[in-house]
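*Asks:* Before we start, here is the structure in question, set down as structure tokens.
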Amino acid sequence: MHISEGILSGPVLISGAAMAVAGTAIGLKKIDYDRIVHVAILSSAFFVASLIHINIGPSSVHLILNGIVGLLLGFAAIPAILTALLLQSVFFQYGGLTALGVNVVVMAFPAVMVHYLFLPMIGKSPKLTFLGGFLAGMFAILISSLLLGLALWFTDKNFLETSLTIITAHIPVMIIEGIVTGFCVTFLLKVYPEILPVKKK
């Protein structure tokens, strides 16, 4: 889901950078520094999950895990994902420094959304916990795919077909991420509830 260097227009890059800076500033203010280890762990998980990818035009398909990162971190997911994306860009040339801001918006902003939408379901019951995790994982990828498509479309209307292809290609990823996130959240609630921003029932 990384947007490659040299694809996006100047206005889209500038807008993405501005939104990423603003989101990162909010995220840094909202980080609970008693849980900074959790932020680092989830940033690392996001970093590793994105290493195995399949290229599709100017983007790629791979596990992202932004749903679980957002579910557990809230606004702190933005600096966590920014750090991982920056390291991927520097060490593996995934995405690019000029597209970093847009990639942060594409992957981190949906992560924050699922935190507020689905966290209330976590810990209520095993079924609701799994469902909340599933919806968080699936919804995060859905919104990320749509944002990526919009970034391409605002750059050039001729990217419409590419945008639709990318969104369609991510449908299986949405389902897989939903299942993975659901099981991960259910497992964490049992064995390591401290990492979840909810009280174990």
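The values are calculated or read from the model by the stated rules, or taken from the named source; none is laboratory data. The structure presented is a predicted model; accordingly, all values stated were derived computationally and were not measured. So basically every Cβ, Gly included, is an ideal-geometry build from the backbone, and we count neighbours across all protein chains shown.
*Asks:* Considering only residues of the range 129-152 that are within 18 Å of Leu63 (Cβ to Cβ) and not hydrophobic (A, V, I, L, M, F, W, C), which is surrounded by the fewest Cβ atoms within 10 Å (Cβ to Cβ)?
*Replies:* Per the stated criteria, the residue is Ser145.
*Asks:* Looking only at the range 160-187, which residues are free of Cβ contacts under 8 Å to residues at least 24 places away in the same chain and of a type outside the set (S, T, N, Q)?
*Replies:* Leu160, Glu161, Leu164, Ile167, Ile171, Pro172, Phe187
*Asks:* Hey, Ala111 hits all of (1) at pLDDT below 95; (2) closer than 18 Å to Val48 by Cα; (3) buried (at least 19 other Cβ atoms within 10 Å of the Cβ) but one; which does it fall short on?
*Replies:* (1)
*Asks:* Right, something else. Working only within the range 116-128, note down all residues that are in a helix (DSSP H, G or I) and crowded, with 23+ Cβ neighbours inside 10 Å.
*Replies:* Result: Phe118, single match.
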